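Everything on this sheet refers to the single structure shown next.
The values are calculated or read from the model by the stated rules, or taken from the named source; none is laboratory data. The shown structure was predicted, so the numbers you read here are calculated from the model rather than taken from an experiment. Quick reminder, even Gly has a Cβ in these numbers, built from the backbone with ideal geometry, and neighbours come from all protein chains shown. When the accessible area is computed, the model is the full protein with side chains, heavy atoms only, and any ligands, DNA or RNA have been set aside. Shrake-Rupley method; radii C 1.70, N 1.55, O 1.52, S 1.80 Å.
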Amino acid sequence: AQSVAQPEDQVNVAEGNPLTVKCTYSVSGNPYLFWYVQYPNRGLQFLLKYITGDNLVKGSYGFEAEFNKSQTSFHLKKPSALVSDSALYFCAVRDQQAGTALIFGKGTTLSVSS
Amino acid sequence: DSGVTQTPKHLITATGQRVTLRCSPRSGDLSVYWYQQSLDQGLQFLIQYYNGEERAKGNILERFSAQQFPDLHSELNLSSLELGDSALYFCASSTQGGGETQYFGPGTRLLVL
C-alpha cells in the first residue's frame, strides 16, 4: 500500500540553526513528492515538489528538500530557521491508484524559538 | 493567496442536516480536489473532478457527494450529518494533475452539533 510517514510529531529548533523535517514514503514506481506548510487557521501552502531530475529541490521561503531513492526519503531542510517558519508541515505523495490525488503524512509541527 | 476560493469559511449545523460547500478553482485550472482534515484522520482525499467529470474517489462516505459545474466551480454536499463529520474541508485545484501542483483554498470549517 502507498503511504507517507513523518516520524516526528514535533521538531524544535532555535532561530538561526538549520532545520530538518523528515519524510519517508512507500510507493511502487517513481514517486511524485510534495511539501506543504499550514499556518494556523489557513489553508495549505505549496513549498516544493520533486517529480524527476536533480535530487535536491529548492522551493519557497528558502526551503529545500533532498530526494533519496535508496532510503525512500524526502526530507525538508532549511539552512537557517526563522521564528516565522513555525507551522505545521505536511509531506505528500501522489496516489498512483486514485487519479492524481495526494496522500499526506500526519504532519510535523515545527517550533522555532528565538 | 492561492487563487482558490471557498465558501463559507465557517459552518455550524446540527446532526441530520445537509450542507453544501462551494469551491472556485484558480483561473485556468480544470481539476478540483476535495480533502477532509480532522484530528483523528489527518488529511484525507475525498474526490476529484476534472473538467466536469469525476476522475477519482477516495475515502468519501456515501452520504457525501460532489459535482463540478460547466464554469468549473465545484460543490461538496454533505448530508445526514453526524458529529464525526466535524472537520476542515479543503478544496484544491490544478491544471491537469500528475506532477502538477495542487493549490489549496483556505478551507471551510464545519462544526456539527
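Ratio of Rg to Rh for chain B, alpha carbon only, Kirkwood?
Details: Rg = 13.1 Å, Rh = 13.9 Å.
Rg divided by Rh gives 0.95.
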Where only protein heavy atoms count, and the probe is 1.4 Å, what is the accessible area per residue for chain B in Å²? 48 Å²
What is the Cα convex hull volume of the protein assembly as shown when expressed per residue in Å³? 120 Å³
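Kirkwood hydrodynamic radius, computed over distinct alpha-carbon pairs, for chain A: how many Å, to one decimal? All intermediate terms of the calculation are to be shown ahead of the outcome.
On the way: mean 1/r = 0.0707 Å⁻¹.
Taking every pair of different Cα atoms in chain A, averaging 1/r and inverting gives 14.1 Å.
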Mean shadow of the stretch A:1-62, computed from the convex hull of its alpha carbons, in nm²? 5.7 nm²
In the structure displayed, which of A:22/A:106; A:22/B:57; A:22/A:58; A:49/B:9; A:78/A:106 lie more than 18 Å apart, Cα to Cα? A:22/B:57; A:49/B:9; A:78/A:106
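I'd like the antiparallel share, as a percent to the nearest 5, of DSSP beta bridges with both residues in chain A.
Numbers: 33 of 38 bridges.
Taking every DSSP beta bridge within chain A, about 85 percent pair in antiparallel fashion.
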Express in whole angstrom the spacing between the alpha-carbon centres of the stretch B:13-42 and the stretch A:1-54. 23 Å
Can you give me the relative contact order of the stretch A:54-114 as a percent, contacts being Cα pairs under 8 Å and 6 or more apart? 24 percent
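For the stretch A:20-77, run through the trypsin sites (Lys or Arg not before Pro) and keep only the ones in DSSP coil with at most 14 other Cβ atoms within 10 Å of their Cβ.
Numbers: sites: A:22, A:42, A:49, A:58, A:69, A:77; in loops: A:22, A:42, A:69.
In loop regions of the stretch A:20-77 (DSSP not H, G, I, E or B), the sparsely surrounded trypsin sites (Lys or Arg not before Pro) are A:42, A:69.
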Of all accessible surface on chain A at a 1.4 Å probe, what whole percent is carbon and sulfur? 46 percent
Provide the buried accessible surface between chains A and B in square angstrom, both chains summed, 1.4 Å probe, rounded to the nearest 100. 1500 Å²
Stretched fully, the stretch from residue A:106 through residue A:8 gains (0.36 nm per residue minus C-alpha distance, one decimal, in nm) 34.3 nm
For the stretch B:22-88, evaluate the Debye formula with one uniform point scatterer on each Cα (no solvent term) and list log10 I(q)/I(0) at q = 0.12, 0.13, 0.28 Å⁻¹, rounded to two decimals. -0.31, -0.36, -1.29
